[in-house]
Amino acid sequence: MGMWLNLAGVSAPPATPAQAVTWQGLSWLTPPKPVEPKIETTIAQYLQTLKAQGLDPKQQSIWLRTDNNLLIDKNGTIPVSAASLTKAATSLAVIKTWGLEKQFETIVSANGKIVNGTLVGDLIVKGGGDPLFVWEDAIALAQSLNQLGISNVSGNLIVVDRFHMNYQADPQKAGELFKQALTGINLPPALLNTDLKDVNIVKLPTAPAATPPKAQVKIAGKVLVTIAPPTVITPLIRHRSLPLIDIVRQMNIYSNNEIAQILADSVGGAAQVMKIVSTTANFPPAEIQLINGSGLGVQNRLSPRAVSQIFRTLHQTLQPINLNLADIFPVAGAESIGTLKERNLPAGATIKTGTLNEVSALAGVLPTRDRGLVWFVIVNKGSQISTLRQQQDVLLQALLKEWGEVTPTPLVVTKHDRPPAYFGDPARNIAIVPKSPS
């Protein structure tokens, strides 16, 4: 009954007080023993396959559970390098801190007057931590400035606070990119379809209402970074980011490290992410050891149990507002973009991948006929990444064959319809001052 309530989207209460404490991941009770001996054979075969490929079975970690029962525990409580599974922790920390509809604001101001199309003074851009401000958004701001009667700036572009652009967190470099976008000079012909080094680029369509990049705001001066804006300024435009739910989803689909780090910094850095996540998801703090919000570096370590708790907590956090994991992570069978390219995962599984030079990880939730929602975490240690990914896919397909497929995918793990997310949407630019008379 509990399984079917979970599939329907209703959380069934644990059967006993001891199970309730175990669900919370508290460390002073002995965790239940796995209750799926038949699956032990499947797991043993999986580990034997890895061993035949030269990998040590003792170095592999697997955790499978339903909401009420632990199914498989192979090194499940030991922190291991989890690569981009770290982004699940960052997701929980920022959602807990900001809420899903949070929009980061970038304020564009002036410290002079507009005379015949020229701002006689400086243009000031004050960042608010938007991690997904890109070429198209800057071009839309140039259009909005043109509509306010500004096509030239006689002074400098002054960058203040947390202004990021094209995943560039350095304010000087971000400011240079912003100036380039405003002038329209030497822009990449395909904008963000152009490859950027070490970035899994988020690919979103440009807003239908956006004008082709013909707007120009020529800035005569330099890009200056300051701690505080000039004392007397006139706010011109308030640019609002995409809602946090869209930013987090795109971060997870493309496993974008820069977005993850900017978001982690927005809540206080890796130490604060660890504190928020271990407290919110109720697992021992020793099972999460992070140095950043992206998962880059083997020093980022999470136990499979902690990862499972993070996913389950995210799911329970989203359900009361009529959302679920599929709204912030990619879903196999529904998307073939980002990290799910060339994977053969069971349709309907909500997934987060993780990859380092010698780590391949996979975690999420698998809807099944016989076990309801099965929360899984697989962390492999080895350098044969493509082989490890293939074997992970084979293992999940084998588990689904054993437990039975559910069609259609239960609503409780089906992505909800939302307005499409666009880059360069002029509707996210709000003029604070009246337009100049024509």
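The values are calculated or read from the model by the stated rules, or taken from the named source; none is laboratory data. The shown structure was predicted, so the numbers you read here are calculated from the model rather than taken from an experiment. Every residue, glycine among them, receives a Cβ derived from its backbone with ideal geometry; neighbour counts consider all protein chains shown.
Being assigned by TED's automatic domain parsing to the domain that holds ASP170, of a type outside the set (S, T, N, Q), within 30 Å of LEU296 (Cβ to Cβ) and touching a strand residue (DSSP E or B) at 6+ places or on another chain (Cβ under 9 Å) is a property that holds for ASP130.
Checking ASN200, ASN193 one by one, the residue that is loosely packed, with under 13 Cβ neighbours inside 10 Å and at pLDDT below 90 is ASN193 and no other. Looking at LEU366, LEU399, LEU395, LEU362, just one residue is of a type in the set (A, V, I, L, M), under 19 Å from the mean Cα position of the chain (by Cα) and either over 23 Å from LEU55 (Cβ atoms) or not assigned by TED's automatic domain parsing to the domain that holds LEU119 (or both), and that residue is LEU362. Does region 112-122 include one or more residues that are part of a helix (DSSP H, G or I) and not polar (S, T, N, Q)? No - not one qualifying residue is present in region 112-122. Checking LEU362 against (1) part of a helix (DSSP H, G or I); (2) free of Cβ contacts under 8 Å to residues at least 40 places away in the same chain, which test does it fail? Tallying (1) part of a helix (DSSP H, G or I); (2) free of Cβ contacts under 8 Å to residues at least 40 places away in the same chain, LEU362 fails exactly one: (1). Which residues, taken from region 138-158, are among the β-branched types (Val, Ile, Thr) and more than 11 Å from LEU119 (Cα to Cα)? Correct list: ILE139, ILE158.
Quick check on this structure: which one of LYS102, LYS87, LYS96 is at pLDDT 95 or above, of a type in the set (D, E, K, R) and crowded, with 24+ Cβ neighbours inside 10 Å?
Checking each option against the conditions leaves just LYS87.
Within region 261-306, the residues that satisfy the criterion of being among the hydrophobic types (A, V, I, L, M, F, W, C) and part of a helix (DSSP H, G or I) are ILE262, LEU263, ALA264, ALA270, ALA271, VAL273, MET274, ILE276, VAL277, ALA281, ALA286, ALA306. Here is the figure for region 345-385: residues that are within 22 Å of SER294 (Cα to Cα) and out of contact with any strand residue (DSSP E or B) (no Cβ under 9 Å at 6 or more places or on another chain) total 2.
State yes or no: is GLY372 buried (at least 16 other Cβ atoms within 10 Å of the Cβ), within 20 Å of the chain's Cα centre (by Cα) and of a type outside the set (Asp, Glu)? No. Among the conditions (1) within 30 Å of THR350 (Cα to Cα); (2) surrounded by fewer than 21 Cβ atoms within 10 Å (Cβ to Cβ); (3) of a type in the set (D, E, K, R), LYS113 misses just one, which is (1). Within region 117-143, being among the polar types (S, T, N, Q) and at pLDDT below 95 holds for one residue alone: GLN143. Within region 143-166, residues that are on the phi > 0 side of the Ramachandran plot reach partners that are among the hydroxyl-bearing types (Ser, Thr, Tyr) and outside any strand (DSSP E or B) with beta carbons closer than 6 Å, at six or more positions or on different chains, in the pairs GLY149/SER436. Restricting attention to region 383-413, the residues that are part of a loop (DSSP other than H, G, I, E, B) and surrounded by fewer than 18 Cβ atoms within 10 Å (Cβ to Cβ) total 6.
Against the conditions (1) part of a helix (DSSP H, G or I); (2) within 30 Å of ILE39 (Cα to Cα); (3) more than 22 Å from the chain's Cα centre (by Cα), ALA427 satisfies every one except (2). Just one of the listed residues (LEU345, LEU356) is under 21 Å from the mean Cα position of the chain (by Cα), touching a residue at least 24 places away in the same chain (Cβ under 8 Å) and more than 22 Å from SER303 (Cβ to Cβ), namely LEU345. Restricting region 314-338 to residues that are surrounded by fewer than 21 Cβ atoms within 10 Å (Cβ to Cβ) and not in a loop (DSSP other than H, G, I, E, B) leaves a set whose member that is modelled with the lowest pLDDT is GLU335.
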